[in-house]
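The values are calculated or read from the model by the stated rules, or taken from the named source; none is laboratory data. The structure displayed is predicted, hence computed values, not measured ones. Backbone-built Cβ (ideal geometry, glycine too); neighbour counts: all protein chains shown. All accessible areas refer to the heavy atoms of the entire protein, side chains included, with ligands and DNA or RNA removed. Shrake-Rupley method; radii C 1.70, N 1.55, O 1.52, S 1.80 Å.
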Amino acid sequence: MRTIMPPGPDPRGPETAIDRTTRRLLLCGVVAGPLFVVAFLVQGALKAHYDPLRHPISSLALGPFGWVQTANFVIAGVLSLAFAAGMRRALRGSSSARGARWGPILVGAWGVMLVGAGVFTTDPVSGYPPGTPDQMAEYSSVPALLHDLLSMPGFAALACACVVFAVRFAGTRRLLWACYSAVSAGAFAVMLELSTLGFDQTASLVAYGGLFQRISVTMGWAWLTFLAAHLLRHQRDGHERGGHAAASG
């Protein structure tokens, strides 16, 4: 009589609820950027009297159907906060400590800024909505003031996150990732400054303030999306090896 032996342990190691939770949180970082970018591109193309080359993304929250961009900010912010939590879990216990603390904190600050940008609506700028001045002499309300006060630290946090991970990747000899992160930080900051000058009505830049901002924001989101996909892949590979998800950095 043949004895049926029970199956042996899976060589990949057991999948735990912690593994699944971390991957789901990292997946939030993969979808947040494309969702946000597609949403503002579609709105900018459809909204009457709105010029994507000239007007900021935040101005989409003004006028008819402004709630769509408000929701876009809040959803992207919540997804970014979830990604920051997943990043923290994925980097915990990795072979390199560089960026394991400040990376998630900075990405979390970016997420807080996005939620705040949705909750607190901006003032009109560059003539949108129609009939409003190109630049207001003072803030019209506390929410408009808070919108700007949250925005600049949030943008700075994302640029700093790129730098933090450039150092991390350089330390783990992932030179392409290090270069990409460093270039993303510099280009993001330059495009953001050009957009700010445009919204401040600098004559040679005002017609393209929205374009510069869109380039900046899209580059920032692209970096976050690729980073989330990178961490998610290492999390999956780490489970298959039965080791830590991001041990190789």
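For this structure, a couple of remarks:
- Answer from Val107, Val37 - the residue that is within 23 Å of Phe199 (Cβ to Cβ), part of a helix (DSSP H, G or I) and β-branched (Val, Ile, Thr): Val37
- Every listed requirement among (1) in contact with a helix residue (DSSP H, G or I) (Cβ under 7 Å, 6 or more places away or on another chain); (2) among the basic types (Lys, Arg); (3) open to solvent by 40 Å² or more (accessible area, probe 1.4 Å) is met by Lys47 save one, (3).
- Test for Tyr139: is it of a type in the set (Ser, Thr, Tyr), open to solvent by 70 Å² or more (accessible area, probe 1.4 Å) and in contact (Cβ under 8 Å) with a residue 60 or more places away in the chain: no
- Within region 105-136, the residues that satisfy the criterion of being open to solvent by 10 Å² or more (accessible area, probe 1.4 Å) and either of a type in the set (D, E, K, R) or closer than 21 Å to Ala178 by Cβ (or both) are Ile105, Leu106, Asp123, Asp134.
- Restricting region 179-206 to residues that are outside any helix (DSSP H, G or I) and among the hydrophobic types (A, V, I, L, M, F, W, C), the residue that is farthest from Asp134 (Cα to Cα) is Leu205.
- Residues within region 161-210 that are more than 30 Å from Pro124 (Cβ to Cβ) and either out of contact with any Cys (no Cβ under 8 Å at 6 or more places or on another chain) or open to solvent by less than 20 Å² (accessible area, probe 1.4 Å) (or both), tallied: 25
- In region 192-249, of all residues being of a type in the set (A, V, I, L, M), at pLDDT 95 or above and over 20 Å from the mean Cα position of the chain (by Cα), the one that is farthest from Met87 (Cα to Cα) corresponds to Ala203.
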